[in-house]
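The structure is given below, and queries will be raised subsequently.
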Amino acid sequence: MIIKGTDLDEELRFRLYYMGLYPGSKVQIVRNDGRYPVLVEAHGSLIALSADIAEKVYAERVVEREGDQ
Amino acid sequence: MINAAHHHGTNSPGEKERPTLRVGIIGFPNVGKSALFNSLTGGEARVANWPGTTVDIHYGLKKFGRKVIEFVDLPGVYSLGEGGPIGDVVKTYLLLQRPDVVLVLVDGTNVERTLNLAVQVAEVSERVVVAITKVDLAHSRGIHINAEGLSRALGRRVVPTSVTWGLGLEELLMAIVEVAEGEGQVPLKINYGPLEPYVRELSSKLEPFEPSLGVNSRWVAVKLLEGDPFVEKIVGEKAGELLNEAREMRAEISKTLGKEPLGLIAETRFRYSLSLASGNIVRSGLRLSRTERLDRMTLDPRLSPFISAAAILTLFLFAFSLNTGFPLNVVLSSLGFEQAATIVDSYNVAALMERFIGYGTSLLEPLLEGRPAWLRSLLLDGVIGGISVALLFAPLIFTVSAFLAVLEDSGLAPRFAYSLHPYTCRVGLSGHSLFPAVSCFGCNVGGLMAVRGTPSLAERVKLYLILPLLPCQARLIVFLALAAAVGSVLGVLGVVMTYVISVTLVAVLSYVLDRFYTRSSRPIMLMDIPNLHMPLRRVAWWMAWSTTRHFLYRTGTIIFLGALLTWVLSSFTPSLQYTPDPSESIAAHLSRVLVPLFAPLGIEGEKAWMTVYGLIAGFVAKEIYLSSLAVITGIENPIEAVSFLSLSEASLLALMVFIALYVPCLGTISVIYTETRSVRVALTALVLSLVTGYLTAIAVYHFYLILLSIL
């Protein structure tokens, strides 16, 4: 997935971007079962986002090419 | 916050050797910062509050050659973009106090992610040394790091280290001295692509202010384009007119490039650090280690809530039993092991401390023979009494903070927060609140200090208001004595009931406050989950010890002074004459005035004022309740002293609940103030606990009476 943007307020946006979830960042959803916070892997770290934060982060699915990281 | 630089002198007093070099250590939580700091300074550290906050900073000295290096262990941060009290402390230190050298730590097992912080620091500071930590772990996981290559690309010394192997520490110290004595490094310049023209324009306008800002203007320009509130505040004071210009630029960029500068900058910087990392790291033959398997288990949707709940419960029951004997003594005696239960009762930490203090007092008594009565009383009851109350707390704080340090250091705490988030959400709290809440059962002061890790401000305020209702171990000691006076079965039921009531109240108030006070939306979680690793015993030990020492110094002082004040109140008559008879004292008079308030709890009659008297003293710290009862009844054994009050069962139960809920203690209230800087929040917490405690106690009293009449 590639992050597209977010509707979060400034303070949370700072945190989010600096954690590696900035627009254009390639992330992998490790788990999203609707019950627990969404687990996302970005640049080698595991990040937990509760549903109402994850809802406000827009991402787009990309087709992984062979050899892509 | 801004003029914190002033306070530095008062912040590090009392050292025999004056440091010739100041080194600030900055790194992710969990990067191995405490372990490295500990190894560098040999564990000799001093904890101090950051001026005006309760953020703890550790200072440690190291003699190296002719240099005396002072290491300052800053709180862990994920980035320089972090806000809140912790982010502000780190930025204040970097920008306004300006250490001689900044030591940035990069996690050897996760360079890709943690190198970003080093890049951020290299952009702002001119004297930076980078240490790669946990090289031993990285090695065993098949990660090879080219420190030379990183060093060349960053233009900074990069030293691989391992505390376990004792590797690289000498080299690190040498690098620090070298960088301190050498010429300043050129700040790292990242090409921000389409933003460059804006960065340059703003930077050149900021250049005249460079000396007064004390940081390179390019970095300030980048931060202003990001909209960093901390930097905006500093610039606002020195070059206010440029602030508006930067804001206009930001809006213009968003319009013309279709992207917000904050995101663009974060992206460019991440790309830079990621390519730097990938060019200098080789991963070979990754094996799943034992910790990694545990890692998966602690995040498993079915297993993790049970693992988390069981782990937390076990740790705390163990800590409680060790400290107060409860609930192990009850379990043992109900299983028929009466003798074992008695041993637990008389050899737990609180009981041993009490005996030790009693012994000390009895040694002192003969020495004071022949001195005036008021002086004897001042020394024995006031001073020794005050010190012993403060000391009684110490082991409680120590065991709890040792357990918490293990949970934090291993990376287990964030996992527990994650896996219990769906459950805490039901009462309007995020998983972040779990750790502070659980700690509050140990000690409210420590628990409330952990609140600052919660990302939402509204939730933080709510936690400061409701968490003090959770009874700490100090309160446990008091209502255990009350329970013993009630009788075994009903007493134990009373203790359990008190816990159930306080937890229920926290949940209910959380819901009510959401509706009417903080008006926060649903609880949020945004959190890094670090890799698990074995916590170092030395680190846990050291963290617990330094927290305890710090507690004794800060909260202990408040408690001691409070105890002295209660001594004055209970040793002088309203006309300020010394009296050996506490029933004539100021406090006794005050208690008699307050007695009618406690009639709804069935606390009436001749001895009612004695019960109230202890409650006044309990304002300062709850243990004082028992010692003041001993003074006033003249009965040393607390259980007998409680029985002497001849309260009904219903009143005793109501009293237990009241003691669990009303005003946590002076230390807790002062922590709420220092954390929030708001008298309003601190006073609201105080009033809330009083009102809730009072109403609940009345309810319990009547509920029990009704129950009796039915049965």
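The values are calculated or read from the model by the stated rules, or taken from the named source; none is laboratory data. What you see is a predicted model, and the numbers here were worked out from it, not measured in a lab. Glycine gets a Cβ as well: all are built from the backbone with ideal geometry, and neighbour counts include every protein chain shown. Only protein heavy atoms, including side chains, enter the accessible area calculation; ligands, DNA and RNA are left aside. Shrake-Rupley method; radii C 1.70, N 1.55, O 1.52, S 1.80 Å.
With a Förster radius of 45 Å, plug the Cβ-Cβ distance of B:Arg296 and B:Met174 into 1/(1 + (r/R0)^6) and report the FRET value to the nearest 0.05.
0.65
Tell me, what is the 1.4 Å probe accessible area of B:His589, in Å² to the nearest 10?
90
According to a simple spin-label model (label point 7 Å from Cα along Cα-to-Cβ), what is the distance in nm between B:Trp165 and B:Lys233?
That separation, rounded to one decimal, is 4.3 nm.
Let me ask you something else. Counting only DSSP beta bridges with both residues in chain B, tell me the antiparallel percent, nearest 5.
Working: 17 of 36 bridges.
About 45 percent, rounded to the nearest 5.
Please list B:His550, B:His139 in order of solvent-accessible area, largest first, computed with a 1.4 Å probe with all protein chains present.
Listed by decreasing accessible area, they come as B:His139, B:His550.
Ok, one more. Reported to two decimal places, what Rg/Rh ratio describes chain B when computed on Cα atoms with Rh from the Kirkwood expression? Let's see the in-between values first.
On the way: Rg = 28.5 Å, Rh = 28.1 Å.
Ratio of gyration radius to Kirkwood radius: 1.01.
Can you pull the percent of Cα pairs in the range B:563-710 with separation above 26 Å?
29
What list of ³J(HN,Hα) values in whole Hz, one per residue of the range B:161-173 in order, does the Karplus curve 6.51 cos²θ - 1.76 cosθ + 1.60 (θ = phi - 60°) give from phi, with Gly and Pro shown as x?
Karplus values, whole Hz, x for Gly and Pro: 9, 8, 5, 4, 8, x, 9, x, 5, 4, 5, 5, 4.
Residue by residue, what Karplus-based ³J(HN,Hα) values in Hz, rounded to whole numbers, does the range B:476-482 have, using 6.51, -1.76 and 1.60 with θ = phi - 60° and x for Gly and Pro?
The phi angles translate into 4, 4, 5, 7, 5, 5, 5 Hz.
Keeping the other protein chains in place, figure out the carbon and sulfur percent of the accessible area of the range B:70-179, with a 1.4 Å probe. All intermediate terms of the calculation are to be shown ahead of the outcome.
On the way: 1510 of 3010 Å².
That fraction is 50 percent.
So if I place +1 on the C-beta of Lys and Arg and -1 on the C-beta of Asp and Glu, and nothing else carries charge, what would the dipole magnitude of the protein assembly as shown be about its Cα centre? I want it in debye, nearest 20.
Computed charge dipole of the protein assembly as shown: roughly 900 debye.
Starting from 0.36 nm per residue, how many nanometres of slack lie between B:Val568 and B:Leu490 once their C-alpha separation is accounted for?
24.4 nm
Would you jot down the residues in the range A:9-33 that end up with at least 50 Å² less accessible area in the complete protein assembly than in the chain alone, with a 1.4 Å probe?
A:Phe14, A:Arg15, A:Tyr17, A:Tyr18, A:Met19, A:Tyr22, A:Arg31
Ok, one more. Two decimals is fine: what is log10 I(q)/I(0) at q = 0.06, 0.09, 0.10 Å⁻¹ for the protein assembly as shown, from a Debye sum with one equal scatterer on every Cα and no solvent?
Log-scaled intensity ratios, in q order: -0.42, -0.90, -1.08.
Among B:Leu264, B:Ala319, B:Pro75, which residue has its Cα furthest toward the positive end of the charge dipole of chain B, with +1 on Lys/Arg Cβ and -1 on Asp/Glu Cβ?
Positive-most Cα among the choices belongs to B:Leu264.
Follow-up. Quote the FRET efficiency, to the nearest 0.05, computed for B:Ser583 versus B:Val500 with a Förster distance R0 of 41 Å and r equal to the Cβ-Cβ distance.
0.65
Something else now. Treating the beta-carbon of each Lys and Arg as +1 and of each Asp and Glu as -1, no other charges, what is the dipole magnitude of the range B:53-201 about its Cα centre, to the nearest 20 debye?
With Lys and Arg at +1 and Asp and Glu at -1, about 180 debye.
Just the number, please: percent antiparallel of the DSSP beta bridges in the protein assembly as shown, rounded to the nearest 5. Mind showing how you got there, number by number?
Numbers: 34 of 53 bridges.
Expressed as a percentage, antiparallel bridges in the protein assembly as shown total about 65.
Same structure again: How many nm separate the modelled label positions at B:Lys63 and B:Leu367, each set 7 Å beyond the Cα in the direction of the Cβ?
That separation, rounded to one decimal, is 3.4 nm.
Determine the per residue accessible area of the protein assembly as shown with all protein chains present and a 1.4 angstrom probe, expressed in square angstrom.
For the protein assembly as shown, the solvent-accessible area averages 43 Å² per residue.
Which residue, chosen from B:Leu653, B:Ile710, B:His533, occupies the Cα position most advanced towards the positive end of the dipole of the protein assembly as shown, where the dipole is computed from +1 (Lys, Arg) and -1 (Asp, Glu) charges on Cβ about the Cα centre?
Value computed over the given set: B:His533.
A follow-up question, please. Report the full-extension gain for the segment B:Ala699 to B:Arg247: residue separation times 0.36 nm, less the Cα-Cα distance, to one decimal in nm.
This chain segment gains 157.0 nm when fully extended.
Calculated from DSSP H runs of 4 or more alone, at -39500 (n - 2.57) each and per residue, what is the 222 nm mean residue ellipticity of chain B, nearest 500?
Numbers: 34 runs with 435 residues, N = 711.
Using -39500 (n - 2.57) per qualifying helix, the result is -19500 deg cm²/dmol.
Quick one: which residues, 5+ away or cross-chain, put their amide H under 5 Å from the amide H of A:Val30? H built at 1.01 Å from N.
A:Leu39, A:Val40, A:Glu41
Can I ask one more? Treating the beta-carbon of each Lys and Arg as +1 and of each Asp and Glu as -1, no other charges, what is the dipole magnitude of the range A:2-60 about its Cα centre, to the nearest 20 debye? Don't jump to the answer; show the numbers that get you there.
Details: 7 positive and 9 negative charges, 43 e Å.
Roughly 200 debye, rounded to the nearest 20.
Tell me the carbon and sulfur percent of the accessible area for chain A, rounded to whole percent, probe radius 1.4 Å. Present the calculation step by step, with values, prior to reporting the outcome.
On the way: 1580 of 3580 Å².
Carbon plus sulfur share of accessible area: 44 percent.
On to the next question. Search the structure for amide H atoms under 5 Å from the amide H of B:Phe64, placed 1.01 Å from N in the peptide plane, and list their residues when 5 or more places away or on another chain.
B:Ile69
For B:Gly227, enumerate residues with amide H under 5 Å from its amide H, sequence gap 5+ or separate chain, H modeled in the peptide plane.
Result for B:Gly227 returns nothing.
Just to confirm my numbers, what's the Cα centroid distance between the range B:151-170 and the range B:349-384 in Å?
That distance is 54 Å.
Using Cα pairs closer than 8 Å and at least 6 residues apart in sequence, work out the relative contact order for chain B, in percent.
10
Once Rh is set to the Kirkwood radius over Cα pairs, what Stokes-Einstein translational diffusion coefficient, in µm²/s, holds for the range B:193-260 at a temperature of 20 °C and a viscosity of 1.002 mPa s?
For these conditions, the coefficient is 182 µm²/s.
Something else: The range B:60-115 to the range B:396-473: how many Å between their Cα centroids?
With the range B:60-115 and the range B:396-473 each reduced to a Cα centre, they are spaced 25 Å.
Name the residue from B:Val631, B:Phe644, B:Ala621 whose Cα lies farthest towards the positive end of the charge dipole of the range B:613-686, charges +1 on Cβ of Lys and Arg and -1 on Cβ of Asp and Glu.
B:Ala621
Another one. Quick one: buried accessible area between A and B, total over both chains, 1.4 angstrom probe, nearest 100 Å²?
Protein heavy atoms only, the A-B interface buries about 3400 Å².
Could you work out how far helix B:649-661 tilts from the main Cα principal axis of chain B, as a 0 to 90 degree angle to the nearest 10?
Approximately 20 degrees, to the nearest 10.
Let me check against my output: what whole-number percent is the relative contact order of chain A, with C-alpha pairs under 8 Å and at least 6 apart?
37
R0 = 35 Å: FRET efficiency of B:Ser346 with B:Arg426, Cβ-based, nearest 0.05?
With R0 = 35 Å, the Cβ-Cβ based efficiency is 0.25.
Give the separation of the Cα centroids, the range B:653-703 to the range B:566-608, in Å.
22
Oh, and also: Relative contact order, percent, of the range B:406-459 when contacts are C-alpha pairs under 8 Å separated by at least 6 residues?
23
How much length is gained if the chain between B:Arg18 and B:Glu338 is pulled fully straight, taking 0.36 nm per residue apart and subtracting their Cα-Cα distance, in nm to one decimal?
Residue separation times 0.36 nm, minus the Cα-Cα distance, leaves 109.4 nm.
Next up: Residue-wise, which Karplus ³J(HN,Hα) couplings in Hz belong to the range B:366-383, taking 6.51 cos²θ - 1.76 cosθ + 1.60, θ = phi - 60°, and x for glycine or proline?
Values, residue by residue: x, 5, 9, 3, x, 7, x, 4, 5, 5, 4, 5, 4, 6, 6, 8, x, 5 Hz.
Return the carbon/sulfur percentage of the accessible area of the range B:193-260, one whole number, probe 1.4 Å, all protein chains in place.
Carbon with sulfur: 54 percent of the solvent-accessible area.
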